[in-house]
Amino acid sequence: GPVLGNEGVDGGRAARQAKLVEQGAQGVFTKIHATHFGRKGPAMSTSVQPVRIEVDSDTAVSGLLQAPADARAAYVLAHGAGAGMGHAFMAAGADGLGGRRGGTPRHQFPYMERGSKRTDPPAVAHAAVRAAVATAAKDLRGLRLFAGGKSFGGRMTSQAQAAEPLQVPEVVLHKQHA
C-alpha cells in the first residue's frame, strides 16, 4: 500500500518522503480508482488556489485546491499531526495526482491554523474534515470525491466517516513507512 513516512522530517529525508507520497498516491489511484481517474497522462500544469473553509460559525481554516482542468475525481487530503497542508510531501502527492487527472483539495486543521503543536480534540478535527469535504463538493461539482489523509489526518477522516458518513464513496488511508 502507499507509504508516507514520519511527520516533521526535513532535509534530504523530506525529499525522499515526498517521493514516497507521490508514489503512494499514484499507487492508490492507479490500483483502486483507475476507472474514475484514467491512466497517467503527461504532467499537467495545475494551479494551486487558496480557499477558506468554514468549520463552524467561529472557526475557519485555510485550504488549497489543486486540480487539472480535465480532472475526473478528487481526493480531499488531510495532513498529519506534525506538518501542515503545504509540506513538501503533501504538495508532491497533489502534483502526482494532478498528472493522473485527479484534483486534490488540501486543508488545515484548526490547531495547525493557530500555530499550535497540540492536535485538536477529535470532535473539532472531525468537524474540519466534514467542512473540507463539503467545500470540495461545492467547489468541484460533478467530480467524484474521495477523502483520507496521512496519519492523524487519515485517522480523523476515517473516524468522521464512521461517526456519520461523509459525502464520499470511500475513505483512503495511508500507512506509515517504518
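The values are calculated or read from the model by the stated rules, or taken from the named source; none is laboratory data. These numbers were taken from a predicted model, which means no experiment stands behind them. Methodologically, a virtual Cβ is constructed for each residue, glycine included, from the backbone with ideal geometry; neighbour enumeration extends over all protein chains shown. Side chains included, ligands, DNA and RNA excluded: accessible areas come from the protein's heavy atoms. Shrake-Rupley method; radii C 1.70, N 1.55, O 1.52, S 1.80 Å.
Quick notes
- Extension gain from S47 to A123, taking 0.36 nm per residue of separation minus the Cα-Cα distance: 24.2 nm
- Solvent-accessible area assigned to carbon and sulfur over segment 85-178 amounts to 52 percent, based on a 1.4 Å probe.
- Segment 105-121 and segment 129-162: distance between their alpha carbon centers, rounded to Å: 15 Å
- Scattering profile of segment 86-169 at q = 0.13, 0.18, 0.24, 0.26 Å⁻¹ [log10 I(q)/I(0), Debye over alpha-carbon scatterers]: -0.42, -0.80, -1.32, -1.43
- Average accessible surface for segment 61-139: 33 Å² per residue, computed with a 1.4 Å probe over protein heavy atoms with every protein chain in place.
- For segment 72-178: relative contact order, % (alpha-carbon pairs under 8 angstrom, 6 or more apart): 34 percent
- Peptides 121-131, 73-83 ranked from most to least packed by the mean count of surrounding Cβ atoms within 10 Å: 73-83, 121-131.
- Formal net charge of residues neighbouring A136 (Cβ-Cβ distance under 12 Å; K, R +1; D, E -1): +4
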